[in-house]
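Heads up, the thing below is written out as structure tokens.
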Amino acid sequence: MVDRMNDVIDIRGLHKAFGCTQALDGLDLTVTAGEVHGFLGPNGAGKSTTIRVLLGLLRADAGTVRLFGGDPWRDAAELHRRLAYVPGDVNLWPTLTGGEVIDLLGRLRGGLDERRRADLVERFELDPTKKGRAYSKGNRQKVALVAALASDVELLVLDEPTSGLDPLMEAVFTECIDDFKDEGSSVLLSSHILAEVERLCDRVSIIRTGRDVETGTLADLRHLTRTSVSAEVAAQPTGLDGLVGVHDLVVEGHRVFFEVDTDHLGAAIDALGRLGIRTLTSQPPTLEELFMRHYGDELPAETVEVDA
Amino acid sequence: MTGTSTFIRAFLRRDRWLMFWWVLGGTLLYYSQTTTGDIYTTQAEFDRAAKSMEENAAFIAMAGPARALNTVGGQVAWQAMAIGAIVAGLMSMFIIGRHTRAEEESGRDELVRAAAVGRHAPIVAAAAVAAMANIATALLIALSLLSYGLDPVGCLSIGVAHMLTGFAFTGVAMVAAQLTDGTRAMYGITGAVLAASFALRAVGDVAENGLSWLSPIGWGQAMHPFSGERWWPGLISVAATVALVCVAFALFARRDVGAGVWPSRPGPQRAGRGLLNPLGLAWQLQRGSIIGWSVGILLLGLAYGSIGDDVEELMGTSDLTEQMLRPGSSITDSFYAFAVVIIAVIASGFTISSALRPLGEEDAGRVETLLATAHPRRDWLLGHVVMTVLGSVLTLLVGALGLGLGFALVTGDTDAIARYLAPMASYVAPVLLLGALTRLLHGAVPRMAFLAWVGLAFCFVVMFFGELLRFPSVVADVSPFSHIALAPAEDVRWTPVIVVAVVALVLSVAGQVAFRRRDIITN
């Protein structure tokens, strides 16, 4: 088991309601030191609310929330010295320039690395002399990202940080997170961009309607899903439909298409081998599929609840 | 012009509640003045009261030229038109601002401009909606007064005057919206024009030197509703409106969408030391408002001060003057005691808006990022509290200096320069109490924070119409202003000042503690 002292973020049974809307309903989330943790969920699942409770901006109704082992509501300012946060919607002061905001946020966090600040401004191609109201959404996000990444902190909390960035800037962002991680720091990355999560994250948590539904490394989670296989074989493909774990089998002459539970992939490939493989494409499960599996059945699940 | 009608429908839908309250408020402002007629049992009593009002320069400065004050119609026109014009101006400003400059600033304007709409459609639609709101208010004012039984010609005249003043300020707002690329700056420019219009007519009406003819509010009042109506001053309003709208369109044609006529210059690459000190951000955010209000209040003080010792001739010897007169003080001192209160009550507008600024920051979503740094919540709010307190003290101080300077300039009495400092200082406490009330609302029930303005309106009514409307003293005593001595007519009494200040401190601390214990507003 993981050493609890090493957990940068440890949330247990978190509840938070706004009026009669239950935003969080018993959420657990753990981020260990040195990991990049992906935080996935559809809109309104409670990702931003979780992050705001974690930052002491909102008060938890029930449950325990530990940030660096401390209480983020009581010791917010002290704990915030050790982290930097980029919200999903960056709102800047209309009369302050981007450069001023970077310095202001850096100063309030306890100082900026000057060299890194200059380097980041250049890499993100940010014009720091523009006033807040003149920036586009992507540029506002860059301002907050530069301020966060140039700070000397142990934890980055990022709430959909690339939603306004173009693909080139997304690549720059990915590099920056890699650099940050190399220094042994931790990241909580809430995102919708699955490719980004797959590329960056060591572990992911998937949440839905205020609770976590799945947590683990990507490898762990892949066991829960299916690999799609398409192959052309020498012999007439028979007997495949009898294999355990094979689904949605389609046979067109010598070509076969099917999906197989990842645990039974070996047996299925063995069976294909006996038929004489000519071509073989195997598509590993993507996070998209994981995602769809958890969110795709939203309607039926709720109908059942209503009936019950 | 393609799409104008679509825009008008969309704006009306977005604004339906906003317009409902503005129109209702504007109408009630006029209609409620009909109660003046109910106070007096006989016409003789009414005549006497009217005479005392006519001779009261402070009332004339607040309301307008005194005409037919011994009739209900005359009272309605006198008491409601100047404030009503400000209401019409603010309503028009907000309607124009939120549909033109604010949309451009937020970028939503680009989204709609990409659709098949004419270049001028949004601004034409905004102007049309502002016009409709002014027409609706005017119509309701006229109908409500007609239902009370006032003279139909006067009802028509007062409605038309209100409407045309609203149109003129709509034109001002449309020009202001072209000048800068910021909505806040646009409101600042329009607000300054409104304040200047009020100050010009206040000084003009008291001194009868023609300055009122430079003010759109003066044009409306010059139509003399209920006191021998004349229509030609309305043409001045119409001409001014046409000219302003033409200027607005000419400026609009010459600028890029999203930009202002005054170009936005690039700012500093790095934050200066001023921004990085603990009070830096709060000062940066509030300094425009602090400077603007200070200048406005200074001008107001100068305007009142420049009435000088003419007051003695203007005041007469009526009952009301007797009421205002404190034993053993001169008429001049009594008048200036009221001027001090008027300035203090108006300066409370700064205090409340400044105390609401942190809420505005929360609503704009700018607090989340700030409070996720090592900046404690307590300190963030405290920065704004310091700005509210210092800004309030500053505006009151310059108001007192303005009074003294104006007086000294007119009379040559240099001792007067410092005369109003101590009296004004005693009003710091009730002004800050309104700020503290605002802070408590912001901390405890942020959605209800706008009620602080109701508190100010209450103090205003108690102060200026309390004796006229014969409020029971229990009600009047709720207003913190009621407890402060009317200096320089009376000696400054510091005990009530200290009590009010302590209450203010308690409310403020309660508000600050409540803020630390609640969720930050997020969207």
>> Within region A:93-105, does at least one residue satisfy the condition of being within 30 Å of A:A23 (Cα to Cα), out of contact with any Phe, Trp or Tyr (no Cβ under 9 Å at 6 or more places or on another chain) and either within 10 Å of chain B (Cβ to nearest Cβ) or not in a loop (DSSP other than H, G, I, E, B) (or both)?
In response: yes
> Can you pull out the residues in region A:175-195 that are out of contact with any helix residue (DSSP H, G or I) (no Cβ under 6 Å at 6 or more places or on another chain) and surrounded by fewer than 21 Cβ atoms within 10 Å (Cβ to Cβ)?
Replying inline: A:E175, A:D178, A:D179, A:F180, A:K181, A:D182, A:E183, A:G184, A:H192, A:I193, A:A195
>> I'd like to check which helices (runs of 4 or more DSSP H) are fully inside region B:51-168 and have at least 2 residues that are under 22 Å from B:A239 (Cβ atoms).
In response: B:72-99, B:121-148
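Mind counting the residues in region A:68-83 that are within 27 Å of A:E175 (Cβ to Cβ) and more than 8 Å from every other protein chain (Cβ to nearest Cβ)?
Residues in region A:68-83 being within 27 Å of A:E175 (Cβ to Cβ) and more than 8 Å from every other protein chain (Cβ to nearest Cβ): 2 in total.
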>> So B:I217 passes all but one of these: (1) modelled with pLDDT under 95; (2) part of a helix (DSSP H, G or I); (3) of a type outside the set (S, T, N, Q); (4) in contact with a Lys or Arg (Cβ under 9 Å, 6 or more places away or on another chain). Which condition number does it fail?
In response: (1)
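Residue-wise test of (1) at pLDDT 95 or above; (2) farther than 22 Å from A:T30 by Cβ.
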| position | (1), (2) |
| --- | --- |
| A:L67 | yes, no |
| A:D75 | no, no |
| A:V90 | no, yes |
| A:A118 | yes, yes |
| A:K131 | no, yes |
| A:A134 | no, yes |
| A:V143 | yes, yes |
> With (1) over 28 Å from B:A102 (Cβ atoms); (2) modelled with pLDDT of 85 or more; (3) within 14 Å of chain A (Cβ to nearest Cβ) as the list, and B:G280 as the residue in question, which single condition is left unmet?
Replying inline: (1)
> Can you find a residue in region A:148-159 that is in a helix (DSSP H, G or I) and buried (at least 20 other Cβ atoms within 10 Å of the Cβ)?
Replying inline: yes
> Is there a residue in region B:513-521 that is touching a Gly at 6+ places or on another chain (Cβ under 8 Å) and not in a helix (DSSP H, G or I)?
Replying inline: yes
> Out of region A:112-134, which residues are within 10 Å of chain B (Cβ to nearest Cβ) and not in a helix (DSSP H, G or I)?
Replying inline: A:D127, A:P128, A:T129, A:K130, A:K131
>> So if I check each of B:S92, B:S144, which one is among the hydroxyl-bearing types (S, T, Y), out of contact with any strand residue (DSSP E or B) (no Cβ under 6 Å at 6 or more places or on another chain), surrounded by fewer than 21 Cβ atoms within 10 Å (Cβ to Cβ) and away from every other protein chain (no Cβ under 14 Å)?
In response: B:S144
> Among the listed residues B:G73, B:G64, which satisfies the condition of being in contact (Cβ under 8 Å) with a residue 40 or more places away in the chain and within 17 Å of the chain's Cα centre (by Cα)?
Replying inline: B:G64
>> Within region B:371-378, does at least one residue satisfy the condition of being within 30 Å of A:L105 (Cβ to Cβ), of a type outside the set (S, T, Y), touching an Asp or Glu at 6+ places or on another chain (Cβ under 9 Å) and at pLDDT 95 or above?
In response: no
>> Is it the case, given these coordinates, that B:A131 is small (G, A, S), closer than 28 Å to B:L200 by Cβ, buried (at least 19 other Cβ atoms within 10 Å of the Cβ) and modelled with pLDDT of 95 or more?
In response: no
> Within region B:169-184, can you find the residues that are part of a helix (DSSP H, G or I) and surrounded by 20 or more Cβ atoms within 10 Å (Cβ to Cβ)?
Replying inline: B:F169, B:T170, B:G171, B:V172, B:A173, B:M174, B:V175, B:A176, B:A177, B:Q178, B:T183
> Which of the residues spanning region B:267-289 are part of a loop (DSSP other than H, G, I, E, B) and either surrounded by fewer than 13 Cβ atoms within 10 Å (Cβ to Cβ) or under 27 Å from the mean Cα position of the chain (by Cα) (or both)?
Replying inline: B:G272, B:N277
> Can you spot a residue in region B:239-260 that is away from chain A (no Cβ under 12 Å) and in contact with a Leu (Cβ under 6 Å, 6 or more places away or on another chain)?
Replying inline: no
>> Could you check region A:53-66 and list, in sequence order, the residues that are touching a strand residue (DSSP E or B) at 6+ places or on another chain (Cβ under 9 Å) and either acidic (D, E) or buried (at least 16 other Cβ atoms within 10 Å of the Cβ) (or both)?
In response: A:V53, A:L54, A:L55, A:G56, A:L58, A:A60, A:D61, A:G63, A:V65, A:R66
> Just one of the numbered conditions (1) under 13 Å from B:A374 (Cβ atoms); (2) without any contact (Cβ under 8 Å) to a residue 24 or more places away in the chain; (3) surrounded by fewer than 20 Cβ atoms within 10 Å (Cβ to Cβ) is not true of A:G110; which one?
Replying inline: (2)
>> Looking at region A:51-81 only, could you name the residues that are at positive phi and assigned to a loop (DSSP other than H, G, I, E, B)?
In response: A:G56, A:F68, A:G69
> If A:S48 satisfies every condition in (1) facing chain B (nearest Cβ under 8 Å); (2) not in a helix (DSSP H, G or I) but one, which is the exception?
Replying inline: (2)
>> Any residue in region A:268-294 that is of a type in the set (V, I, T) sitting within a Cβ distance under 7 Å of a residue that is at pLDDT 75 or above? List the pairs, counting only those 6 or more apart or interchain.
In response: A:I277/A:A231; A:I277/A:V233; A:T279/A:A231; A:T279/A:E232; A:T281/A:S230; A:T286/A:L194
> So which strands (runs of 3 or more DSSP E) are wholly in region A:202-308 and hold at least 3 residues that are modelled with pLDDT of 85 or more and within 29 Å of A:L189 (Cα to Cα)?
Replying inline: A:203-208, A:211-217
>> Out of everything in region B:348-376 that is of a type in the set (D, E, K, R) and over 13 Å from B:A282 (Cα atoms), what residue ends up being surrounded by the most Cβ atoms within 10 Å (Cβ to Cβ)?
In response: B:E368
>> Of all residues being among the hydrophobic types (A, V, I, L, M, F, W, C), touching a strand residue (DSSP E or B) at 6+ places or on another chain (Cβ under 7 Å) and not in a strand (DSSP E or B) in region A:1-38, which is modelled with the highest pLDDT? Just the residue, please.
In response: A:A33
>> Let me spell it out: the conditions are (1) out of contact with any Asp or Glu (no Cβ under 6 Å at 6 or more places or on another chain); (2) in a loop (DSSP other than H, G, I, E, B); (3) surrounded by 15 or more Cβ atoms within 10 Å (Cβ to Cβ), and A:G88 meets all of them except one. Which number is the exception?
In response: (1)
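The values are calculated or read from the model by the stated rules, or taken from the named source; none is laboratory data. Computed from a prediction, not measured in an experiment: that's the story for all the values here. Using ideal geometry, Cβ is built from the backbone for each residue, glycine included, and neighbour counts are taken over all protein chains shown.
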